[in-house]
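Right, one structure below, let's go through it.
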């Protein structure tokens, strides 16, 4: 079978051009439909999420008062814990100083006098700085030896000994001692 085309070439080309324009318009329409469809779906999703957020906010409103009460109670709890900690520290330290004086009086010889005592708490250790005077070198030596032998005192360091005359020609020795006080009985009770 033989086909004969009696139409002129211009008409055939016009027909092909119309089909091409139709395909381009159809592709553009599909693309626009896809873009606007996606945009529309996103807008709907956005509105749905906003509605959900509003619902959640409405549900949270009554809980805000409860949350504020809980936060207030938590703050009061922290304040009370701080106060209890301060009270415990005061109780611990207030009992420490009578024991310290008792332990110092147990090791100080009869011929040694303390003129000043400075204390500083470093962690669990009480640092002591003492200024003393004694009537002779034996008193200085006895006091230093008793401190070093005692379980209550550590890191005993003695400063220089100065000899001076008091009143009616009585010689005295002034000296400084730095040491740490460790209250062993307290540790035994807690352990």
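Look through 129, 45, 83 and report the one residue that is surrounded by 10 or more Cβ atoms within 10 Å (Cβ to Cβ), modelled with pLDDT of 95 or more and within 45 Å of the chain's Cα centre (by Cα).
On inspection, the qualifying residue turns out to be 129.
Among the residues of region 155-176, is there at least one that is touching a strand residue (DSSP E or B) at 6+ places or on another chain (Cβ under 8 Å), in a strand (DSSP E or B), within 27 Å of residue 92 (Cβ to Cβ) and touching a residue at least 40 places away in the same chain (Cβ under 8 Å)?
Within region 155-176, not a single residue is touching a strand residue (DSSP E or B) at 6+ places or on another chain (Cβ under 8 Å), in a strand (DSSP E or B), within 27 Å of residue 92 (Cβ to Cβ) and touching a residue at least 40 places away in the same chain (Cβ under 8 Å).
Only one of (1) touching a residue at least 24 places away in the same chain (Cβ under 8 Å); (2) part of a strand (DSSP E or B); (3) under 36 Å from the mean Cα position of the chain (by Cα) fails for residue 96. Which number is that?
Residue 96 satisfies all of (1) touching a residue at least 24 places away in the same chain (Cβ under 8 Å); (2) part of a strand (DSSP E or B); (3) under 36 Å from the mean Cα position of the chain (by Cα) except (2).
Which numbered condition trips up residue 67, out of (1) more than 25 Å from the chain's Cα centre (by Cα); (2) more than 30 Å from residue 182 (Cα to Cα)?
All conditions are met except number (1).
Here are 7, 12, 23: which of them is outside any helix (DSSP H, G or I), more than 59 Å from the chain's Cα centre (by Cα) and either surrounded by 10 or more Cβ atoms within 10 Å (Cβ to Cβ) or at pLDDT below 90 (or both)?
Among 7, 12, 23, only 7 is outside any helix (DSSP H, G or I), more than 59 Å from the chain's Cα centre (by Cα) and either surrounded by 10 or more Cβ atoms within 10 Å (Cβ to Cβ) or at pLDDT below 90 (or both).
Considering every residue within region 110-120, establish whether at least one is at negative phi and in contact with a helix residue (DSSP H, G or I) (Cβ under 6 Å, 6 or more places away or on another chain).
Yes, some residue in region 110-120 is at negative phi and in contact with a helix residue (DSSP H, G or I) (Cβ under 6 Å, 6 or more places away or on another chain).
The values are calculated or read from the model by the stated rules, or taken from the named source; none is laboratory data. Remember, predicted model here, so these are calculated numbers, not experimental data. Virtual Cβ from ideal backbone geometry, glycine too; neighbours counted across all protein chains shown.
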